[in-house]
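Heads up, the thing below is written out as structure tokens.
The values are calculated or read from the model by the stated rules, or taken from the named source; none is laboratory data. If you're wondering where the values come from, they're calculated on a predicted model, not measured in any experiment. Neighbour counts are summed over all protein chains in view; Cβ atoms, including those assigned to glycine, are modelled from backbone coordinates with ideal geometry. Note: areas computed on protein heavy atoms with side chains; ligands, DNA, RNA excluded. Shrake-Rupley method; radii C 1.70, N 1.55, O 1.52, S 1.80 Å.
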There are 2 protein chains.
Amino acid sequence: MKLATRKNNTRDGELLVVSSDNTRAVSAAPVAPTMQALLDDWSAKASALDALYADLNAGRLADAFAVDESLLHSPFPRAYAWIDGSAYINHIVLVRKARGAEPPATLETDPLVYQGGSDTFLGPRDGIPLANPDWGCDFESEIAIVMDDTPQGVTPDEVPQYIRLVMLCNDVSLRNLIPAELAKSFGFFVSKPSSAFSPFAVTPDELGEAWNGGRMHRPLVTHLNGELYGNPDSGPEMHFSFHEIVAHVCKTRALSAGTIVGSGTISNKDRSKGSSCLAEKRMIEKIDTGAFVTPFMTYGDRVTIEMFNEQGDSLFGRIDQTVVPMD
Amino acid sequence: MKLATRKNNTRDGELLVVSSDNTRAVSAAPVAPTMQALLDDWSAKASALDALYADLNAGRLADAFAVDESLLHSPFPRAYAWIDGSAYINHIVLVRKARGAEPPATLETDPLVYQGGSDTFLGPRDGIPLANPDWGCDFESEIAIVMDDTPQGVTPDEVPQYIRLVMLCNDVSLRNLIPAELAKSFGFFVSKPSSAFSPFAVTPDELGEAWNGGRMHRPLVTHLNGELYGNPDSGPEMHFSFHEIVAHVCKTRALSAGTIVGSGTISNKDRSKGSSCLAEKRMIEKIDTGAFVTPFMTYGDRVTIEMFNEQGDSLFGRIDQTVVPMD
């Protein structure tokens with residue numbers, strides 16, 4: 001099934017069930033008022049929403065209404081945990097080169113993850129508020145999954161049973177603040193402001209063969225200011241699968257229901273596929289020409305992130321964000 | 001006022017108002033069923049709980065019951081954000097020496113913070129589940145505050161109006177996992193399992209002169225296996241006040257209501273005050289004798305953390321945890 005969260009006057013919004021073609025929706029409130037309420041009790045509540053989804057797709061619901069993606073929040077307006085991996089080796093090598101840092105020695109054996117802010121996500125059509133353009137605002141087009149309660153010590157083979165939803169993410173980064181922050185060795189804190197997620201969160205069964213082995217196997221399409229910026233395949237070069245990333249983070253802790261886990265920036269070695277962030281393109285320019293050419297985002301710059309199935313249907317709806325001044 | 005959360009069969013427990021002497025409590029559920037529900041709407045709900053607190057202290061509530069700290073969860077069983085600072089320079093210098101790392105060049109001008117797991121806190125009397133004693137399990141005795149919605153760009157002078165509660169924390173660390181994790185430069189992730197907080201969360205007005213200038217000014221008393229381990233004063237050597245830490249983390253983001261901000265491990269230069277974690281004591285032993293002597297915690301080791309006012313009354317109740325095998 002497909003789920004979304006409609007903005008209302010509450011912090012967590014209203015949970016919706018969305019039709020498979022993204023056009024119609026119905027409130028899930030009688031079953032679960034919010035996405036977190038659903039995840040808190042997935043095993044008891046999901047089947048009722050599945051039934052609602054079947055009725056919605058069959059046109060049997062009189063209270064269904066047209067979906068307006070611009071009225072949606074991220075599926076979780078706030079979450080108890082947002083753990084972002086960095087599973088695409090090509091991305092790690094390029095962005096570390098960009099900031100003059102070495103990749104970790106354990107690059108190919110030990111997944112990289114950081115804990116990101118999850119208390120104030122942006123909506124998929126919200127502006128990206130930027131206080132200072134000198135901070136080097138960048139987007140990062142990613143895949144993210146939502147976990148049910150997952151026990152400490154879980155193995156990669158056991159992870160699939162705990163994965164509930166798949167969605168897209170724009171993990172906003174402030175590139176010019178990262179080097180000083182990482183130099184303190186405690187993580188990205190001030191260099192990673194609020195992220196946004198795709199309008200629709202989708203159960204893995206809905207994705208067919210595209211969801212396979214703990215990886216999404218489709219191009220992730222990013223446009224910058226209306227022009228195609230990148231469409232790398234999210235599958236083959238994801239060095240650590242989501243199953244491996246989750247097993248890694250569960251080494252010393254359990255995950256609680258509603259935890260969001262990210263893939264890191266999708267990246268392919270094939271340069272014709274473009275990039276999923278500005279930092280990579282800038283580094284390639286630096287390697288090729290000796291100079292960074294593409295600027296970071298500033299006020300008015302617009303990024304869209306979307307993924308389509310083989311028939312060209314949008315799987316998760318469109319993240320579509322423009323950089324705006326702070327209120 | 002004083003607040004607590006009683007364990008029940010829900011993820012967030014039941015909010016209680018607790019008497020100033022920690023002995024009696026009453027359910028806050030008619031006003032706010034959970035601590036997060038209170039923080040989500042503090043301005044509308046706090047005054048009703050203040051009135052309940054006055055009635056409770058005056059013995060006017062027939063439904064008051066005796067407090068049993070062993071039945072309490074952390075004030076927030078889960079929270080949307082846990083941002084832990086490291087504001088005691090003496091601690092930073094000692095623990096970095098312990099792991100052969102240099103303090104950051106900006107040690108005294110730029111606060112250190114990391115984002116910690118907030119989705120599964122331990123209760124103040126819960127065991128500390130440890131899968132592998134070789135991981136080097138350590139406690140860290142800290143102060144923590146709870147924020148209301150706090151705007152991006154807030155200045156230190158503006159921070160006090162957004163601080164709602166003060167509590168204690170045991171920030172559990174897996175010392176032997178930290179060096180490899182920090183070497184990857186993305187933060188502590190797997191080396192920081194679930195933390196626990198004191199039974200009672202207290203409004204700043206309740207703390208009198210002990211809460212002053214964005215710092216608690218009282219000894220933080222830690223016992224290890226029944227013996228006094230440390231009682232450093234939490235005030236004078238807190239290099240960055242909570243006001244400065246919050247302003248730092250708000251440079252690039254707003255905080256949402258219920259965000260918990262930590263002080264880092266309390267530490268005094270005066271060695272007669274002991275320590276608030278094992279890593280410091282071990283480093284002092286190494287400096288003095290050439291060898292680490294005190295082992296990290298293993299199964300059965302017990303740590304208690306408590307803070308008293310000048311009259312000897314416990315301000316926040318007692319964190320009292322024993323290391324246990326994983327279930």
Residue B:254: open to solvent by 10 Å² or more (accessible area, probe 1.4 Å), within 14 Å of chain A (Cβ to nearest Cβ), modelled with pLDDT under 95 and under 29 Å from residue A:11 (Cβ atoms), yes or no? yes
Where residues in the stretch B:90-100 are open to solvent by less than 30 Å² (accessible area, probe 1.4 Å) and not charged (D, E, K, R), which of them is farthest from the other protein chains (Cβ to nearest Cβ)? B:94
Of everything in the stretch A:235-251 that's part of a helix (DSSP H, G or I), in contact with a Pro (Cβ under 7 Å, 6 or more places away or on another chain) and not β-branched (Val, Ile, Thr), which residue is nearest to the other protein chains (Cβ to nearest Cβ)? A:248
Any idea which of (1) assigned to a loop (DSSP other than H, G, I, E, B); (2) open to solvent by 10 Å² or more (accessible area, probe 1.4 Å); (3) within 12 Å of another protein chain (Cβ to nearest Cβ) is the one residue B:118 doesn't satisfy? (2)
State whether the residues of the stretch A:305-313 include one that is open to solvent by less than 20 Å² (accessible area, probe 1.4 Å) and more than 25 Å from residue A:210 (Cα to Cα). no
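Might you let me know whether the stretch A:9-20 holds any residue that is farther than 30 Å from residue A:193 by Cα and within 20 Å of the chain's Cα centre (by Cα)? Reasoning before the result, please.
We begin by selecting, within the stretch A:9-20, every residue farther than 30 Å from residue A:193 by Cα; these are A:19-20.
From what's left, within 20 Å of the chain's Cα centre (by Cα): A:20.
Yes, some residue in the stretch A:9-20 is farther than 30 Å from residue A:193 by Cα and within 20 Å of the chain's Cα centre (by Cα).
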Output yes when any residue across the stretch B:101-113 is buried (at least 22 other Cβ atoms within 10 Å of the Cβ), over 30 Å from residue A:260 (Cβ atoms) and within 13 Å of chain A (Cβ to nearest Cβ), and no when none is. no
Residue in the stretch B:286-293 that is under 30 Å from residue B:154 (Cα atoms), more than 14 Å from chain A (Cβ to nearest Cβ) and surrounded by fewer than 24 Cβ atoms within 10 Å (Cβ to Cβ) present: no
If you go through the stretch B:174-220 one residue at a time, how many are open to solvent by less than 10 Å² (accessible area, probe 1.4 Å), under 13 Å from the mean Cα position of the chain (by Cα) and within 14 Å of chain A (Cβ to nearest Cβ)? 2
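For the stretch B:257-269, indicate whether the set of residues that are free of Cβ contacts under 8 Å to residues at least 40 places away in the same chain, more than 14 Å from chain A (Cβ to nearest Cβ) and open to solvent by 30 Å² or more (accessible area, probe 1.4 Å) is non-empty.
If we filter the stretch B:257-269 for residues that are free of Cβ contacts under 8 Å to residues at least 40 places away in the same chain, which is where we start, we get none.
Within the stretch B:257-269 (the criterion being free of Cβ contacts under 8 Å to residues at least 40 places away in the same chain, more than 14 Å from chain A (Cβ to nearest Cβ) and open to solvent by 30 Å² or more (accessible area, probe 1.4 Å)), the answer is no, since none of the residues qualifies.
Restricting to the stretch A:241-251, and then to whatever is surrounded by fewer than 24 Cβ atoms within 10 Å (Cβ to Cβ) and not basic (Lys, Arg), can you tell me which residue is farthest from residue A:155 (Cα to Cα)? Before the answer, list the steps.
Our first condition is that a residue be surrounded by fewer than 24 Cβ atoms within 10 Å (Cβ to Cβ); within the stretch A:241-251, this holds for A:241, A:243-244, A:247-248, A:250-251.
Next, only the ones that are not basic (Lys, Arg) stay: A:241, A:243-244, A:247-248, A:250.
Values: A:241: 12, A:243: 8, A:244: 8, A:247: 5, A:248: 9, A:250: 9 Å.
Here the residue is A:241.
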Quick check: anything in the stretch B:160-168 within 14 Å of chain A (Cβ to nearest Cβ) and either surrounded by fewer than 19 Cβ atoms within 10 Å (Cβ to Cβ) or out of contact with any strand residue (DSSP E or B) (no Cβ under 8 Å at 6 or more places or on another chain) (or both)? no
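Assess whether residue B:158 counts as being assigned to a helix (DSSP H, G or I), more than 30 Å from residue A:180 (Cα to Cα) and not aliphatic (A, V, I, L, M). Even if it seems obvious, please write down each step before you answer.
Values: assigned to a helix (DSSP H, G or I): yes; more than 30 Å from residue A:180 (Cα to Cα): no; not aliphatic (A, V, I, L, M): yes.
Here the answer is no, as residue B:158 does not meet what is asked.
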Qualifying positions in the stretch B:59-89 - of a type in the set (A, V, I, L, M, F, W, C), at pLDDT 95 or above and over 16 Å from the mean Cα position of the chain (by Cα): B:61, B:62, B:64, B:65, B:66, B:67, B:71
Select from the stretch B:121-155 the residues that are more than 9 Å from chain A (Cβ to nearest Cβ) and in a helix (DSSP H, G or I) and write down the one among them that is nearest to the chain's Cα centre (by Cα). B:133
Where a residue in the stretch B:232-251 is within 24 Å of residue B:309 (Cβ to Cβ) and its partner, wherever it lies, is polar (S, T, N, Q) and assigned to a helix (DSSP H, G or I), with Cβ under 9 Å and at least six apart: B:232/B:90; B:237/B:90
Some residue of the stretch A:72-89 being free of Cβ contacts under 8 Å to residues at least 40 places away in the same chain and surrounded by fewer than 22 Cβ atoms within 10 Å (Cβ to Cβ): no
For the stretch B:209-218, check the following and say yes or no: at least one residue is closer than 20 Å to residue B:86 by Cβ, at pLDDT 95 or above and either in a strand (DSSP E or B) or in contact with a Lys or Arg (Cβ under 8 Å, 6 or more places away or on another chain) (or both). yes
